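Contents: one structure, followed by commentary.
None of the figures in this text is laboratory data; all of them are computed from the coordinates on show. Computed from a predicted structure; not experimentally measured. Note that we place each Cβ from the backbone using ideal geometry, even for glycine, and neighbour counts take in every protein chain shown.
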Amino acid sequence: MLKEVHMPKLSPKSDDYFFGKWVKKPGDAVKTGDVLFEVETDKVISQVESQEDGILKDQKVATGDSTKVGDLVATIEVA
Amino acid sequence: MKTEKEEPALKKPDWLKVTYDQKKVDQMNDLLSGLKLNTVCAEANCPNLGECFGSGSASFIILGPNCTRACRFCDIPHGHPKEVDLFEPLRVAQATKKLGLSHVVITSVDRDDLPDLGADQFVRTIKAIKELMPHTTIEVLTPDFQGREDCLDKVIAAGPDVFNHNMETVRRITPKVRNRATYDTSLHVLDYVKQHAPKDMYVKTGIMLGLGEKDEEVYQLMDDLRAIDVDFLTIGQYVQPGPKNYTMREWVPMKRYQKYYKEAMSRGFKFVASSPLVRSSYKAKEELEAVENR
């Protein structure tokens with residue numbers, strides 16, 4: 001089953017972030033708690049962890065992109 | 001999805017990387033909003049929010065959400081203050097219980113509009129926590145109460161375990177970043193509390209780095225604090241909340257935090273936390289435990 005990963009709310013005050021970089025590549029196995037990607041918010045670089053076990057399929061954003069809370073970021077194939 | 005937007009200013013250093021577990025943060029947010037409570041963690045957009053909320057710890061900010069002062073370093077909304085909520089102290093105590101906190105930090109916005117400047121709400125909150133959670137240690141992080149000793153007396157008498165009031169920065173920079181607060185008033189607050197509090201109440205303060213302060217100014221501040229026997233000092237990096245706030249001058253290198261730690265300890269502070277992500281209430285529990293178990 002394909003699960004969508006959406007941009008979480010990382011800052012109480014803002015919903016617009018810079019996408020930092022991918023830590024996992026498409027095809028990589030990911031476990032719950034693994035860092036998937038990094039996002040730059042106003043005050044920090046947030047390392048966002050996977051909430052699923054599976055295989056990272058598609059990356060929908062790239063370094064430097066502006067993203068909003070709720071945007072589709074990736075898909076994960078879950079067994 | 002790709003849109004034109006300005007690049008972020010001054011590249012963030014690697015140590016600003018923090019982890020974020022949305023499920024845990026959501027759980028905490030649900031509990032807090034259910035109790036209609038504000039935290040300084042969320043109000044000030046704290047970099048450590050993910051870590052602290054993830055581990056079930058939070059610092060409550062009472063009398064908010066709006067502050068009557070507009071300090072240029074601060075992210076807390078400046079605006080028309082709300083009426084004092086007399087049930088807020090009880091809800092803070094309930095949250096302390098629900099979260100099972102063994103140490104709780106209570107701070108507030110400035111309330112220059114109130115006759116008691118907010119001191120009574122501190123007292124009510126301390127009492128409520130003591131009633132509901134008698135073994136929880138309590139740390140207050142107070143405004144300067146305009147230096148008014150009657151306000152300080154009230155909070156001291158309520159008996160928190162740690163009395164914190166932040167100096168924020170060195171003398172020269174204080175008027176540039178603080179609003180209606182002076183270096184000498186803050187020193188007076190700390191001095192008065194130290195002199196009038198019971199011996200087992202610790203007095204604590206904190207400063208930010210990256211505002212353009214020089215070594216000798218930081219050392220002078222340490223000397224001023226030790227001259228009035230302040231016990232704990234926290235030192236952390238200022239992170240500019242937005243373009244309208246005071247411009248951050250630099251990301252202070254780790255080496256300087258280590259240098260200041262040594263300088264501060266050699267001056268006789270009982271506890272010093274000096275690291276970029278240190279905030280006044282960050283790991284406050286561990287700090288108190290370290291001193292008590294010595």
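List, in the order given, every pair from A:LYS3/B:LYS283; A:LYS13/B:LYS244; A:LYS25/A:LYS68; A:LYS13/B:LYS255; B:LYS24/B:LYS244; A:LYS9/A:LYS57 whose Cα-Cα distance in the structure shown is over 25 Å.
Working: A:LYS3/B:LYS283 36 Å; A:LYS13/B:LYS244 15 Å; A:LYS25/A:LYS68 21 Å; A:LYS13/B:LYS255 31 Å; B:LYS24/B:LYS244 32 Å; A:LYS9/A:LYS57 22 Å.
A:LYS3/B:LYS283; A:LYS13/B:LYS255; B:LYS24/B:LYS244, as the Cα separations exceed 25 Å there.
Considering only DSSP beta bridges with both partners in chain B, what is the antiparallel share in %, to the nearest 5? Antiparallel: roughly 5 percent of the beta bridges in chain B. The stretch between B:LYS244 and B:ARG72 holds 61.1 nm of extra length on full extension. This uses 0.36 nm per residue minus the Cα-Cα distance.
What FRET efficiency would be calculated for the residue pair B:VAL84, B:ARG294, taking the C-beta separation as r and a Förster radius of 45 Å, to the nearest 0.05?
Taking R0 as 45 Å, the efficiency between B:VAL84 and B:ARG294 is 0.70.
Placing one equal scatterer on every Cα of the stretch B:145-220 and applying the Debye formula, the log10 ratio I(q)/I(0) at q = 0.25, 0.27 Å⁻¹ is -1.14, -1.24. Across the stretch A:2-77, Cα-Cα pairs farther apart than 16 Å form 41% of the total.
All C-alpha to C-alpha distances of the stretch B:173-294, sorted into 5 Å bins beginning at zero, yield P(r) values of 2, 10, 20, 23, 22, 14, 6, 2, 0 percent in whole numbers. In this simple spin-label model, placing a label point 7 Å from the Cα along the Cα-to-Cβ direction at both B:ARG172 and A:ASP58 gives a separation of 5.7 nm.
Estimated at 0.36 nm per residue, the fully extended path between B:LYS11 and B:ASP200 surpasses their Cα-Cα distance by 63.7 nm. Note on B:THR19 and A:VAL69: the model spin-label points, each 7 Å out from Cα along the C-beta direction, lie 2.3 nm apart.
With the cut-off at under 18 Å, measuring from each backbone N in the stretch B:67-106 to a point 7 Å along the Cα-to-Cβ line of B:ARG180 picks out B:67-84.
Taking every residue in A:32-43, how many Cβ atoms of other protein chains lie within 10 Å of its Cβ, on average?
Working: counts 2, 2, 0, 3, 0, 0, 3, 1, 5, 7, 8, 14.
Per residue, the average neighbour count from other chains is 4.
Comparing Cα centroids, the stretch B:237-264 and the stretch A:17-79 end up 29 angstrom apart. Scaling against 2.2 N^0.38 Å puts the C-alpha radius of gyration of the protein assembly as shown at 1.02. The calculated Kirkwood hydrodynamic radius for chain B is 19.5 Å, given to one decimal from all distinct C-alpha pairs.
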